[in-house]
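Visitor: Sending over a structure as structure tokens; questions will come in a sec.
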Amino acid sequence: MKDKEKVIIKETGLDDWLPAYWFQCTFPIVELKDNSKKEIVGASFLLLYRKIPYIVTAKHVINFENPIVRFTLRDKRTFDIESNYFRQLGLEWIPHQKTDLAAIPINLPLKLVKKISKFPLKEEVWSDTIKLKNGDEIRHLGYPEQATTHYPDGKPSNYPQGMNGKIISVNTNEIVVRSPAQYGASGGPLFVRSTTGPHLIGVIVKTTVKTKPTNALEGEYQGVTTAIPIRYVRDILVSDRMKQQYSKKKNPEDMF
């Protein structure tokens with residue numbers, strides 16, 4: 001598959017349990033700063049639920065006037081779509097009422113959709129029933145300190161970095177992992193390694209980096225990263241507010 005070949009990226013710490021082409025599910029959220037520079041402020045990812053595509057992120061990542069989703073095109077260029085554009089189509093980010101999550105349905109021209117390099121996470125890779133335990137191996141995708149990955153030719157890509165770690169605590173409302181996440185990782189997907197393959201289990205919403213100096217030049221980084229279980233995303237997708245946004249479409253598949 002040509003798309004998979006294009007997304008063999010380095011500097012991700014990949015092994016075969018999370019294929020490189022899965023990185024195509026994740027896109028940066030960008031903010032236009034006062035100095036007219038666009039900066040990555042977090043991550044988002046593409047879900048397909050009941051044949052309708054959604055972009056999901058952490059609510060605080062889009063807590064400004066006009067969040068921008070930066071898509072990657074098949075020719076390696078990027079294409080920015082402002083939330084104002086979605087508003088013109090009658091689409092809005094819908095926040096979760098109790099958690100730090102938000103989602104928006106995607107309605108883009110078919111010609112543009114065909115140009116986007118993408119890997120939507122379908123329902124079969126979600127997991128809100130798998131039994132998680134401390135020590136389980138995880139990986140989450142995002143843009144720590146605005147960092148991306150690189151193509152094999154050394155050119156920077158728009159694809160996220162993969163941050164490895166282990167679960168250190170899990171309960172009904174949150175999953176806490178030890179990982180090297182930093183600012184820019186929030187909103188990205190969290191995967192767990194299992195005997196049946198990778199499973200999407202949550203959305204990153206908080207990163208804490210602690211530095212323990214070992215000498216004047218080096219430091220030991222110990223990050224604590226918090227995610228909200230993926231089942232809370234479903235609450236948004238089946239809400240009345242969300243349904244109102246696509247109920248007038250004759251065919252949901254026309255949205256993507």
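Visitor: Among 113-126, 190-203, what's the highest-first ranking by average C-beta atoms within 10 angstrom per residue? Display every interim value, and only then the final one.
Guide: Numbers: 113-126: 16.1, 190-203: 20.3.
Listed from highest to lowest mean packing, they are 190-203, 113-126.
Visitor: Could you rank the peptides 82-92, 64-74 by their average count of other C-beta atoms within 10 Å per residue, with the highest value first? Don't skip to the end; give the middle numbers.
Guide: Numbers: 82-92: 14.5, 64-74: 17.7.
In decreasing order of mean packing, 82-92, 64-74 become 64-74, 82-92.
Visitor: Now, a different point. Quick check: Cα centre of the range 52-121 to Cα centre of the range 17-31, how many Å?
Guide: Between the Cα centres of the range 52-121 and the range 17-31 lies a distance of 13 Å.
Visitor: Which distance in nm do the two modelled labels at Ile168 and Asn84 give, with both placed 7 Å along the Cα-to-Cβ direction?
Guide: Result for the modelled spin labels: 4.2 nm.
Visitor: Further question: Using a/c under 1.5 as the rounded threshold, could you call the range 14-153 rounded, prolate or oblate? The axes a ≥ b ≥ c are square roots of the C-alpha gyration tensor eigenvalues, and prolate needs a/b larger than b/c, oblate otherwise.
Guide: The shape class here is rounded.
Visitor: Efficiency by 1/(1 + (r/R0)^6): what FRET value for Arg77 and Thr129, r their Cβ-Cβ distance, R0 = 41 Å, to the nearest 0.05?
Guide: 0.55
Visitor: If packing is taken as the average number of other Cβ atoms within 10 Å across a peptide's residues, how do 45-53, 179-187 rank, most packed first?
Guide: Going from most to least packed, we get 179-187, 45-53.
Read-outs: derived from the displayed coordinates by stated rules, not from any lab. What you see is a predicted model; the values in this text were computed from it and never measured. No Cβ is skipped: glycine too gets one built from the backbone with ideal geometry, and neighbour counts run over all protein chains shown.
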